[in-house]
Amino acid sequence: SVTFLALLIAVPLGLFCAIFLSEIAPGWAESLLRPVIELLAGIPSIVYGMFGLIIIVRVIKVSIGLPTGESVLAGGIVLALMILPIIISISEDSIKAVPRAYKEGSLALGATHWQTIRNVIIPSASSGILASVILSMGRAIGETMAVVLVLGNVEMIPRSIFNPAEALTSVILLEMGETPVGGTHYQALFAIGILLFVIVMLLNTASIFIRRRMR
């Protein structure tokens with residue numbers, strides 16, 4: 001639920017930013033925003049987690065009036081910030097890879113710039129955009145430190161995005177050190193790790209396959 005919430009936030013925002021940078025932004029705006037995006041991509045996950053704990057959790061707690069701001073919503077927002085640079089970078093490259101003749105042909109037929117973006121450029125770049133979503137999903141699923149700090153780490157199925165929860169990666173991090181080696185609990189934690197590894201590997205493989213087909 002945290003991963004899908006993060007995608008729900010990051011995909012529209014990331015796609016808008018990619019379109020803005022590649023098709024709309026003047027040179028000065030692009031030169032200003034690009035270093036910010038690169039900076040976001042290089043920030044360690046623990047820093048995102050601390051930012052979420054200090055800022056996002058408190059804002060959610062105060063604005064909504066919850067006993068604690070640690071929740072699925074906080075985790076989703078933090079993960080969305082983390083995967084946003086991936087979506088923006090790959091989507092922008094895909095949009096720029098669309099042949100210029102497509103855009104010029106659409107404009108020559110009388111379409112507006114926005115109609116060209118919506119009906120020509122985005123469909124032509126859809127494979128790369130999909131690859132960015134899949135790759136960012138793999139990043140979000142495998143993330144640990146950031147979500148540990150803001151998710152609440154409560155062993156329960158959340159009824160809403162305002163409830164605390166616990167991610168699979170958090171379970172491994174928090175319980176592995178206290179689990180007897182060789183026991184059933186120990187094996188269950190390893191099974192969770194293998195499951196996460198397989199999911200992320202499949203997502204990354206799918207992303208690579210889609211990007212190669214795009215080329």
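The values are calculated or read from the model by the stated rules, or taken from the named source; none is laboratory data. This is a predicted model, so every value here is computed, not measured. Virtual Cβ from ideal backbone geometry, glycine too; neighbours counted across all protein chains shown.
Brief remarks follow.
- Single residue of Leu32, Leu8 found to be without any contact (Cβ under 8 Å) to a residue 40 or more places away in the chain, loosely packed, with under 15 Cβ neighbours inside 10 Å and in a helix (DSSP H, G or I): Leu32
- Search result, residues across region 138-168 that are modelled with pLDDT under 80, touching a Ser or Thr at 6+ places or on another chain (Cβ under 6 Å) and part of a helix (DSSP H, G or I): Met145
- Every pair of residues 6+ apart whose Cβ atoms lie under 7 Å, when the first sits in region 168-179 and is among the small types (Gly, Ala, Ser) while the second is in a helix (DSSP H, G or I) and at pLDDT 75 or above: Ser170/Val147; Ser170/Val148
- Whenever a residue of region 185-205 is within 27 Å of Ala131 (Cα to Cα) and among the aromatic types (Phe, Trp, Tyr), it has no partner that is assigned to a helix (DSSP H, G or I) and at pLDDT below 85 lying with C-beta atoms less than 7 angstrom away and at least six residues away or across chains.
- Some residue of region 75-94 being in contact with a Gly (Cβ under 9 Å, 6 or more places away or on another chain), at pLDDT below 90, farther than 28 Å from Arg118 by Cβ and charged (D, E, K, R): no
- Hits in region 77-133 - residues which are surrounded by 17 or more Cβ atoms within 10 Å (Cβ to Cβ) and free of Cβ contacts under 8 Å to residues at least 24 places away in the same chain: Lys103, Ser106, Thr116, Val120
- In summary, Tyr48 fulfils each of the numbered conditions (1) within 14 Å of the chain's Cα centre (by Cα); (2) surrounded by fewer than 16 Cβ atoms within 10 Å (Cβ to Cβ) with the single exception of condition (2).
- Failed item, numbered, when Ile43 is tested on (1) without any contact (Cβ under 8 Å) to a residue 60 or more places away in the chain; (2) within 21 Å of Trp114 (Cα to Cα): (2)
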